[in-house]
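Below is one structure, written out as structure tokens; comments come after it.
Each reported figure results from applying straightforward, stated rules to the coordinates on display, with no laboratory input. Bear in mind the structure is a predicted one, so any value in this text is a computation, not a measurement. Cβ placement follows ideal geometry from the backbone for every residue including glycine, while neighbour counts extend to all protein chains displayed.
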Amino acid sequence: MRFASVIVDVKAMQTDRAFDYLIPEKWTGFIKPGMRVIVPFGPRKVQGFVIGIKNESEFDRVKPIAEVMDITPALTKELLDIGHWLTQTTLCFKISAFQAMLPAAMKARYEKEIVLVSDEYRPNLHPKVLPWFQSRRSVYWKDIEKSDSVKEFQMEIERGVLEVIYQVKQKNKKKTQKYITSNAEIAELKKESESGSAQAAKQKLILDYFINNSGISVPLQELLLHLNITDSPVKTLIKKKLLREENVEIYRDPYEDRTFKKTEPLALTAEQQTAISPILNSVEQNRHDVFLMYGVTGSGKTEVYLQSIESVLNQGKEAIVLVPEISLTPQMVNRFKGRFGSLVAVLHSGLSVGEKYDEWRKIHRGEVKLVVGARSAVFAPFTNLGMIIIDEEHEGSYKQEENPRYHARDVAIYRAKFHQCPVVLGSATPSLESFARAGKEVYQLISLKERVNQRPLPQVEVIDMRDELRSGNRTMFSSSLLEKLQDRIAKKEQSVLFLNKRGYSSFVMCRDCGCVTGCPHCEISLTYHKHGSQLKCHYCGHEEPMPKVCSECSSEHIRFFGTGTQRVEEELAKVLPEARIIRMDVDTTGRKGSHEKLLTQFGNKEADILLGTQMIAKGLDFPDVTLVGVLTADTMLHLPDFRSSEKTFQLLTQVSGRAGRHELPGEVVIQSYSPEHYSIQLASHHDYDSFYQQEMLTRKQHAYPPFYYLALVTVSHPDLLKAVSVTEKIAKHLNQRLSDTVKILGPVASPIPRINDRYRYQCMIKYKREENLHASLKMIIERYQQDMNKNQLSISIDLNPNTMM
DNA sequence: TCGCTCGCTGGA
DNA sequence: CCAGCGAGCGAT
């Protein structure tokens, strides 16, 4: 007798452990750890992951596994181990960790089906139930649920006439295509072709096709197109057993109708050469090293990645490249596809669930050797990894903001240790954590200080918008920026205008009483969307029409504040009527592929100005862009977040890097209301090193990373007092259990104190080394488990949070 | 006394 | 997470 330990797909504390199941005789030896199975769990059936096989079980009533969902394990041994490690380091459920490592398509869908036990019962079904079973034997419960016959169904189920079947379904479908082949000897086909009646002209056509192309297997669609016929004659021939159809599985290829120009390795500059050699060394000697490649924008980091990968592939190993959000940088995909062609799989959020699944399977089957993708691609199921590259290592999107709250950088290093291979972290503005580690020689620092084409970094002008206002300029464009924009249009060069994320939409304020329209469910102001003249809450989705008068004082003097891309576009059209503008933001890039389309348009010089938010900050490389304008550099600076200076510096540096990458020199204009701030000043001088020094001082002073680790406990509850009191208890508990070197701050209200009618309180833990921390936090979750189930309480724990929000 | 809602609990 | 069950309460 063999048993499988299974982690079931039920998110609860009590089920966050393995359950034993009997492996039926027919599957012994076949079922392996890492496979997905369907098991009976209580009265229903659920999906689960086999994590181990054993010869006995301590339980006496062990049920057998009902179904196997994989032919080869979905999770490798290594990934199973990573799952366990994730549950410990991020305090999540095991099932969440496993699911996070697989494409969404492999998550189970549960459906309840109501089946008529026997056709004999049909005549005497309850009249309200009968119509559902007129022509079929089963109905989905989710369809019945909405109807008014729920009760009658229940009665029939109790009577034993109807039966409930719990279905576990795969979300995805493997995409298949119908292929047609001849199913008979050519002689037979000929005979049929000649004997065919005059009416069967089309059949004759098809038969002749298969006679002339003997043995061919052709996609049905192609056949129909080629012979200009419908499928009816084909069907007839299949019925006559002269042809045969078969379903062949095909991959959805998101890059199907695209050709990638094959590129050859470029000659490396002396500096790149020096940079790449320790990496190649490490690859050759199968050593686990972490490199921090600190290279200014335009210094040719990507070419170093490409050539490092080449050496890994030559060794017969695989590589993973992480990029912040790949759909945003089609140019990046092109470079990898161009160099490595069909050896590349691409995984990013712009793909459909099915497309992601297909890309994942290519990796799983070993059909590709290189993955380029966003955060979750770090879990690519390779078995012989030779390198992991994380581009723009400082990016916040590498941290998952929901369970499991992992950081891709940590996972990458963990995997690389296992595979004894290097990790390369690349950035023009490394995170303080990473740069500090490089300083302590935990990481090896590699510097690229020159741009490949010897172009100087662009000139940056910082403009004090308060002065502009004083001198009577009330528009959002400083006179200098406007002048330069006009100049570029005259010279037929291009400009990029950048607006910070938070400034993307505007809030509404009454000019008489100063009250700002807020969300009724959240402690946050509503943002104005021109489309439909609606006010929206970005946190809970609440929407309301734009008010005509102030709700407080009935004044009609209400107007928008802050600047959105839509408004900038309008204003721009007023001051520069001749400019052709492309706007890129959530509204214009919502649909699939629209992002790329807009960028291609800009690349083809169909516009003079590209106006956008965050999403245009990264990786764009257009030769004719010679001016970059940042409209409001400080929107992000004053957020209640210890990383706000760092983020501002990174963003400004990043954006500035978009200008003058090729022959034409570039210029940058940064508009700000606090131009004296060090992150703006130092970004304007391209001075990362001074910024690092300065920011480290601040972090040390306030005991923030990288000097301390953080853990953030956020408690939320509809009742303010409950939220406060629970947070207080937690803080007290932690104070008792943890050592005195730990600093516990709080309880304090979260930066957004209420979301969706739930009050949020938090408690921050700053620590250096704390053996007890994980255990203590786990105790808290267990202690409040009941409250969380029944009393709307929720506690989230974020180890190494990226932001405080 | 029936029937429904609520909260609790087990799940291998 | 969720089906199934028992407790408890209001309607008949």
Helix A:408-419 against the longest principal axis of chain A: what's the angle in degrees, Cα atoms only, rounded to the nearest 10?
60
Based only on Cα atoms, what mean projected area does the convex hull of the range A:410-498 have, in nm²?
10.2
Share antiparallel - DSSP beta bridges, chain A, percent rounded to 5:
60
Could you give the distance between the Cα centres of the range A:123-159 and the range A:191-223, to the whole Å?
48
Residues in the range A:21-62 reached by a label modelled at A:Tyr110 [backbone nitrogen below 17 Å; 7 Å Cα→Cβ]
A:37-49
Inter-centroid distance (Cα atoms) of the range A:698-776 relative to the range A:387-458, Å:
28
Over the alpha-carbon set of chain A, work out the extent along each principal axis and list the three values in angstrom, largest first.
90, 69, 69
In Å, the Kirkwood hydrodynamic radius from C-alpha pairs for the range A:402-554 sits at 21.7
For A:Lys790, go through the lysines and keep the ones whose alpha-carbon is under 18 Å away, minus same-chain ones fewer than eight residues off.
A:Lys11, A:Lys722
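Of A:Lys175/A:Lys597; A:Lys94/A:Lys417; A:Lys178/A:Lys362; A:Lys178/A:Lys235; A:Lys26/A:Lys54, which sit over 18 Å apart, Cα to Cα?
In this structure, A:Lys175/A:Lys597; A:Lys94/A:Lys417; A:Lys178/A:Lys362 lie more than 18 Å apart at Cα.
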Mean projected area, convex hull of alpha-carbon positions in the range A:177-277, reported to one decimal in nm², is 10.6
With the Cα gyration tensor of the range A:367-412 in hand, give its eigenvalues times 5 under a square root as the equivalent ellipsoid semi-axes, listed largest first in whole angstrom.
20, 12, 9
Surrounding charge for A:Pro233, neighbours by C-beta under 10 angstrom, Lys/Arg +1, Asp/Glu -1, total +2
Please give the contour-minus-distance gain from A:Met155 to A:His226: 0.36 nm per residue of separation, less the Cα-Cα distance, rounded to one decimal in nm.
19.9 nm
Distance in nm between pseudo-label sites at A:Arg44 and A:Arg737 (7 Å out along the Cβ direction from Cα):
3.1
Say each of A:Gln167 and A:Ile211 gets a label point 7 Å from the Cα, pointing the same way as Cα to Cβ; how far apart are those two points in nm?
4.6
When the charge dipole of chain A is computed with +1 on Lys and Arg Cβ and -1 on Asp and Glu Cβ about the Cα centre, the Cα farthest towards its positive end, among A:Tyr357, A:Phe291, A:Gln167, belongs to A:Gln167
Counting each DSSP H run of 4 or more residues in chain A as -39500 (n - 2.57), what helix-only mean residue ellipticity at 222 nm follows after dividing by all residues, to the nearest 500 deg cm²/dmol?
-9500 deg cm²/dmol
The pairs in A:Lys449/A:Lys700; A:Lys548/A:Lys574; A:Lys301/A:Lys337; A:Lys112/A:Lys142 lying past 19 Å Cα-Cα in this model are A:Lys449/A:Lys700; A:Lys548/A:Lys574
If the chain between A:Ser352 and A:Asn473 were fully stretched, how many nm would it gain, using 0.36 nm times the residue separation less the Cα-Cα distance?
38.9 nm
R0 of 45 Å, Cβ-Cβ distance A:Glu284-A:Gln601: FRET efficiency to nearest 0.05
0.50
May I ask you to compute the full-extension gain from A:His538 to A:Leu745, defined as 0.36 nm times their residue separation minus their alpha-carbon distance, rounded to one decimal in nm?
71.7 nm
Ranked from highest to lowest mean number of other Cβ atoms within 10 Å per residue, what is the order of the peptides A:53-60, A:215-222, A:600-607, A:75-82?
A:75-82, A:600-607, A:215-222, A:53-60
Compute the acute angle (0 to 90°) between the alpha-carbon long axis of helix A:353-364 and the principal axis of greatest extent of the alpha-carbon atoms of chain A; round to the nearest 10°.
80
Taking the Cα atoms of the range A:588-726 alone, what are Rg (to one decimal) and Dmax (as a whole number) in Å?
19.5, 62
List, in order, the whole-Hz ³J(HN,Hα) value for each residue of the range A:468-477 obtained from phi through the Karplus relation with A = 6.51, B = -1.76, C = 1.60 and θ = phi - 60°; use x for Gly and Pro.
4, 5, 4, 7, x, 8, 9, 7, 8, 10
Here the FRET efficiency for A:Glu145 versus A:Ser594, based on Cβ atoms and R0 = 56 Å and rounded to 0.05, is 0.95
In degrees rounded to 10, the 0-90 angle between helix A:644-656 Cα long axis and the longest Cα principal axis of chain A is 80
Could you compute the FRET efficiency for A:Ser555 and A:Leu639, with r as their C-beta to C-beta distance and R0 at 35 Å, rounded to 0.05?
0.70
Consider all pairwise Cα distances in the range A:1-138 and report the whole-number % of them above 23 Å.
44
What distance in nm separates the simple spin-label points at A:Arg122 and A:Val516, each placed 7 Å from Cα in the Cβ direction?
6.5
